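The values are calculated or read from the model by the stated rules, or taken from the named source; none is laboratory data. What you see is a predicted model; the values in this text were computed from it and never measured. For neighbour counting, all protein chains shown are included, and Cβ atoms are generated from backbone atoms with ideal geometry for every residue, glycine included. Note: areas computed on protein heavy atoms with side chains; ligands, DNA, RNA excluded. Shrake-Rupley method; radii C 1.70, N 1.55, O 1.52, S 1.80 Å.
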Amino acid sequence: MSAEKEHPPFARPVGSRGTIDMTHGPLLGKILLFSLPLMASNLLQLLFNTADVVVVGRWAGHQSLAAVGSTACVINLVINLLVGISVGVNVVIARYLGETGREQEISKALHTALLVGAAGGALLGGVGILSSGWMLDCISAPADVRPLALVYLRIYFAGTPFMMIYNYGAAALRAGGDTRRPLLFLSISGTLNVLLNLFFVIRLQMDVAGVALATVISQGCSAAMILICLSLSRGELHFSFRQLRVDPWTLRAMARVGVPAGLQGCLFSLSNVVIQGAINTYDSIIIAGYSAGASIENFIYIATNAFHHACQTFTSQNLGARQRLRIFRTARLCMLCTLTLGGLLCAAVLSFAGPLVSIYNNDPAVVQAGIARLWTVVPFYLLFAAGDVLVGVIRGCGAAVAPVIINLLATCALRLAWVQMLDTSVVSVTWVYASYPVSWAVLLLTLAAFWLFLRGRYWPMRRRQRRSQKACPHKPKGNLP
């Protein structure tokens, strides 16, 4: 207890309370201990955009709801490349933590990541502000929605550096198993975001400009807290402004994993941009219903995606510690958890589809449009959730490029072809929605086939480990002979 008092609450060293030993002991409890705070953190982060959508939908009208909702795919397309590099930060630091004597490399990775995040976020935000009008033209934003969407985009992109700093810092903490402090920081900034949304929109009548400004302020708050946390750390993840520099070798190591992950996110977003363009050919009622339905589905994704990150981080640490058997057990347990949770959430969303959509907008036409979206997509969401876990274990094993190629073919190319074959002036919007479950099914089958191939590469070592454990029953399980 006395040792705990020596460190400030934001400055626990790696390996002490608040972090998880991923390379020894039972797995299921540690996976849940890692995933549940991360899940709560991600849900709070999702509230940044959801609070925007709900507030403008309830107090500014369905055109403002359509304006904010229609920009989500554009925002994701622009920021996913840099956010994807945070995956590289997580994998590289987790692998170093799984080894011993790599404190210097961990420090270089942390400072490289934060500097790249801040500089890249500023550059990307500037590009986003200057090209916002062109982006809206690409998705065929309707005339009654475009002015509001343009204001929202330009203000939102101003907060991109804050978003990147938080994501990169949180990725470093998660690499050591610390998912609790990111949850605390997002609890504070998320609450601030909601309060500012209500103040700017209801009291000051700022419409979409108010919700965008609230998001930027709350993101700045979360970035400041993550930097303070890391600067107070006494362990390997100590941050100092004087050590901010880019280490070329470390940047290459993170980019090998992070850039493919970012490209994969961009591919998803690109396909969603195409779908959004098709949706925008319908009226603003359908666009608003689509936006509300997509926002609700994001909560299912965020909840199950926590097991993707758990699978990726546990796999990376155990690969660094040469604990190959634990990789296979991790994949099985994360798949079981994500399917169980995903099934419960999908059933809940479908059971309460009407009341959930009415939270965003109580116009009966918008509610019906949102329900139609949910009933077309949500019953098949487990296909995507299972594929997400497979991406986590594949990427954690170091195969960063394969998921990108698979997503390019099974998701992006398929959805592009699907939408191009549709005449939206004739067919109903349900045919556009159907592109999601079809692409998820193809994606899952392809990822499963690749994982079986990748697992086969480790199978001889797996059998050798089991024989070694039978011959030496007192040897710790999972160690290489």
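Here the range 105-145 exposes an accessible surface that is 73 percent carbon and sulfur, computed with a 1.4 Å probe and the other protein chains kept in place. Overall, the range 281-374 carries a charge dipole of about 840 debye about its Cα centre when +1 sits on the Cβ of Lys and Arg and -1 on the Cβ of Asp and Glu, all other atoms neutral. Note on the chain: dipole from Cβ charges, positive end direction compared against 142, 320, 221; the farthest Cα belongs to 320. The stretch between residue 420 and residue 322, if pulled fully straight at 0.36 nm per residue, gains 30.6 nm over its current Cα-Cα span.
Within the range 326-414, the chymotrypsin sites (Phe, Trp or Tyr not before Pro) that combine a DSSP coil assignment with at most 14 other C-beta atoms in a 10 angstrom radius are 352.
Any idea what angle helix 160-175 forms with the longest principal axis of the chain, computed on alpha-carbon atoms, 0 to 90 degrees, nearest 10? Tilt of helix 160-175: around 30 degrees.
Couplings 3J(HN,Hα) of the range 421-428, computed from phi: 7, 8, 9, 5, 7, 10, 7, 6 Hz, in residue order, whole Hz [Karplus 6.51 cos²θ - 1.76 cosθ + 1.60, θ = phi - 60°; x for Gly and Pro].
Taking the C-alpha atoms only, the angle from helix 28-59 to the longest principal axis of the chain is near 20 degrees. Remark: the range 439-449, residue by residue, has Karplus-estimated 3J(HN,Hα) of 5, 5, 5, 5, 4, 5, 4, 5, 5, 4, 5 Hz, where x stands for each Gly or Pro and the curve is 6.51 cos²θ - 1.76 cosθ + 1.60 at θ = phi - 60°. Under a 5 Å amide H cut-off, with hydrogens placed 1.01 Å from N, residue 363 pairs with nothing among residues at least 5 apart or on other chains. Inter-label distance, residue 33 to residue 428: 5.0 nm, where each label sits 7 Å from its Cα along the C-beta direction. Dipole magnitude for the chain: computed about the Cα centre from +1 point charges on Lys and Arg Cβ and -1 point charges on Asp and Glu Cβ, it is near 2600 debye.
When you filter the trypsin sites (Lys or Arg not before Pro) in the range 202-274 for DSSP loop state and at most 10 other Cβ atoms inside 10 Å of their Cβ, you are left with 245. Computed with a 1.4 Å probe over protein heavy atoms only, the accessible area of residue 351 comes to about 90 Å². The figure for residue 137 is an accessible area of roughly 90 square angstrom, using a 1.4 Å probe on the protein chains alone.
Apolar share of the accessible surface for the range 240-312: 64 percent from carbon plus sulfur atoms, 1.4 Å probe. Solvent-accessible surface of the chain, taken per residue with a 1.4 Å probe and all protein chains present: 40 Å².
Annotation: amide H-H contacts under 5 Å for residue 235 (H modelled 1.01 Å from N, sequence separation of 5 or more, or interchain): 14. Each Lys and Arg contributes +1 and each Asp and Glu -1, all at the Cβ; summed about the Cα centre of the range 84-205, the dipole is approximately 200 debye.
Ordering 209, 195, 185 by Cα displacement along the dipole of the range 185-270 toward the positive end leaves 185 in first place; charges were set at the Cβ atoms of Lys, Arg (+1) and Asp, Glu (-1). Taking Cα atoms only, the orientation of helix 284-320 departs from the longest principal axis of the chain by about 10 degrees. Of the residues 309, 111, 24, 238, ranked by 1.4 Å probe accessible area with the largest first, the sequence reads 24, 238, 309, 111.
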